[in-house]
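*Asks:* Please read through the structure below; I'll follow up with questions.
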Amino acid sequence: MFSKKEKLLLAMLAAIQFSSIVDFMIMMPLGPQLMRLFHISTHQFGLLVSSYTFCAGISGFLASFFVDKFDRKLNLLFFFTGFGLGTVACALSPTYELLLLSRGLTGVFGGVLSSLVLSIVSDAISYERRGSAMGIIMTAFSMASIFGVPFSLFLANQYTWHAPFMFLGIASLLVCAMIWFFMPSMREHLDHSKTKMPIYHSLVEILRNPNQRRALVFMSAVIFGHFAIIPFLSPSMVANAGMTEAQLPLIYMIGGLFTIFTSPLIGRLADRHGKHVVFKWGAGITIIPIFLITHLGLSPLWIALTITSVFFVVSGGRMIPATALVSGTAHSQSRGAFMSIVSCAQQLSSALASYIAGIIVSQKVGGRLENFEYVGYIAIAFTILAIFLSRKIEAVDRDAPVPDLSH
């Protein structure tokens, strides 16, 4: 299905996604440790999570004004290098306030990475094969869950919470070297935009396009429904379900092990049966584990792990057709700007969801998290909204030419 050059490109892009996913995911299982060491509340922890996404959303918006004016490879190198340096800054932060600032700095660069990765995939892979390509990219989440997060927690437990950020920052800078030597230049989108346009032209065109407006609202709803519960998934498993901090890596290892097989399968199903159909079923099934997670009390370990594993599979799986759907609403010459705006909408939605969840959820004297079920109801409502909105999104780049990756 994919040539050797396409497989190499997808592998490098998956490595970038792996780094950015681990960087974000590691904050959640570190939540109980960070709240204890820094003596911070659930609200302050929610702010620590949302600081990354707020800054990522702003940078994604600003990037939309210029991202289509440069080679995709150079853009990727610039932002990924900044991301690596920001992660190192997190590792060197001695206080809550400096960590909060460093997370925001990392978000400034990391917020654009996802949109660049998706733009490159969309430019290089035809729409008919894009679901499968997105499935491969999404396996980065699986590897992050199986290896990245458990290994990061191992480093945090053996040394301090600083260690996983230092490891991830150095690893990201090494991946930058791989991109420099092995990733081909990607300038095909520049060939379609020789006419000089005002800096705000791309944003105006997006706002004028009803299909892309619907795609933005759709993706915002998907992300809000997801990130309303994500920041407190690990803390709730410890405080409410009775898991220990040492058992938390099992959530990510087992969930990731399943998704490494299901993500490519879901991508192929999306190409075969249609992105709309596969998203509808995936999002609908997601409602079940969302309800169970947010209502879970003291439970045997196997029940908690079963519920979280199902959540990983269906929640991550619905993102594959959703991303393919949204990427198909833009042509190559404006795709970078559009995907940056999509990234902006995603980051701001996740930041808002995390912030609101931090306000709603409270921790009692005994440690139990209260009001988490209300967050679950909100997540379910936005998931249902996303299912309704998905029916209105149309692909416009089905016949777009595929660039030559040989140079």
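*Asks:* How high is the relative contact order of the chain, in percent, counting Cα pairs under 8 Å that sit 6 or more residues apart? Before the final figure, lay out the partial values.
*Replies:* Working: 710 pairs, mean separation 121.4, N = 407.
Value for the chain: 30 percent.
*Asks:* In which sequence would Lys7, Lys73 go, from the one with the fewest C-beta neighbours within 10 Å to the one with the most? Write down the numbers at each step before the final one.
*Replies:* Values: Lys7 12, Lys73 17.
Ordered from fewest to most neighbouring Cβ atoms within 10 Å, Lys7, Lys73 come out as Lys7, Lys73.
*Asks:* Grab the eigenvalues of the alpha-carbon gyration tensor for the chain, scale each by 5, take roots, and send me the semi-axes largest first in whole angstrom.
*Replies:* For the chain, the semi-axes come out at 33, 23, 20 Å.
*Asks:* Please build a GNM for the chain, connecting alpha carbons under 10 Å apart, and tell me which residue among Ser115, Ser64, Ser362 fluctuates the most.
*Replies:* Ser362
*Asks:* Looking at the square roots a ≥ b ≥ c of the eigenvalues of the Cα gyration tensor of segment 56-153, which shape do they give, rounded for a/c under 1.5, prolate if a/b is larger than b/c, or oblate?
*Replies:* Oblate is the answer for segment 56-153, as a/c is 1.5 or above yet b/c matches or exceeds a/b.
*Asks:* Okay, next question. For the chain, set up a GNM with springs between Cα atoms under 10 Å and report which of Val217, Val108, Val314 has the largest fluctuation.
*Replies:* Answer for the Gaussian network model of the chain: Val217.
*Asks:* Sticking with this one: Mind jotting down a quarter of the surface of the convex hull over the alpha carbons of segment 161-320, in square nanometres, one decimal?
*Replies:* Details: hull surface 54.9 nm².
Average of the hull's projected areas for segment 161-320 equals 13.7 nm².
*Asks:* Is the shape of segment 275-337 rounded, prolate or oblate, going by the alpha carbon gyration tensor and its root eigenvalues a ≥ b ≥ c, with a/c under 1.5 for rounded and a/b larger than b/c for prolate?
*Replies:* Cα axes put segment 275-337 in the prolate bin.
*Asks:* Hey, if you put +1 on the Cβ of every Lys and Arg and -1 on every Asp and Glu Cβ in segment 130-285, which of Ile146, Leu265, Leu248 ends up farthest toward the positive end of that dipole?
*Replies:* Leu265
*Asks:* Can you work out the FRET efficiency for the pair Ala171 and Phe65, with r the C-beta to C-beta distance and R0 = 41 Å, to the nearest 0.05?
*Replies:* 0.85
*Asks:* In addition: Using mean Cβ contacts within 10 Å as the protection proxy, how do 340-348, 370-378 order, highest first?
*Replies:* Top to bottom by mean Cβ count within 10 Å: 340-348, 370-378.
*Asks:* Can you pull the one-decimal nm distance between simple spin-label points at Phe291 and Met178, each 7 Å off the Cα toward Cβ?
*Replies:* Modelled inter-label distance: 4.2 nm.
*Asks:* Spelling out what I want: for every residue of segment 79-85, take phi, set θ = phi - 60°, compute 6.51 cos²θ - 1.76 cosθ + 1.60 (Karplus), and round to whole Hz; glycine and proline get x.
*Replies:* For segment 79-85, the Karplus-derived couplings read 6, 6, 5, x, 4, x, 5 Hz, x marking Gly and Pro.
*Asks:* Right, something else. Just the projected area, averaged over all directions, of the convex hull on the alpha carbon atoms of segment 88-128: how many nm²? The partial results should precede the final answer.
*Replies:* On the way: hull surface 14.2 nm².
So the Cα hull casts an average projection of 3.5 nm².
*Asks:* How big is the Kirkwood radius of segment 1-89, worked out from every pair of different alpha carbons and given in Å to one decimal?
*Replies:* Over segment 1-89, the inverse of the mean reciprocal pair distance is 15.5 Å.
*Asks:* Let me ask you something else. In whole Å, largest first, what are the principal axis extents of the Cα atoms in segment 259-397?
*Replies:* 55, 30, 25
*Asks:* Tell me, what ³J(HN,Hα) does each residue in segment 302-312 have, in order and in whole Hz, if you take phi through Karplus 6.51 cos²θ - 1.76 cosθ + 1.60 with θ = phi - 60° and put x for Gly and Pro?
*Replies:* Karplus values, whole Hz, x for Gly and Pro: 5, 5, 4, 5, 5, 5, 5, 5, 4, 4, 4.
*Asks:* Continuing with this model, one more query. Between Asn240 and residues 5 or more places away or on another chain, which pairs have amide H atoms under 5 Å apart, with H built 1.01 Å from N, and which residues are they?
*Replies:* So Asn240 has HN proximity to Leu369.
*Asks:* For a quick check, take a GNM of the chain with Cα springs below 10 Å and name the residue from Leu174, Leu85, Leu118 with the largest mean-square fluctuation.
*Replies:* Highest fluctuation of the listed residues: Leu174.
*Asks:* Hey, rough spin-label estimate for Tyr374 and Phe261, points 7 angstrom out along Cα→Cβ, what's it come to in nanometres?
*Replies:* Here the answer is 4.1 nm between the modelled labels.
Read the figures in this text as sums done on the coordinates, not as results from a lab. Here the structure is a predicted model, which means the values were calculated and not measured. Cβ coordinates were reconstructed from backbone atoms using ideal geometry, including for glycine residues, and neighbour counts include every protein chain displayed.
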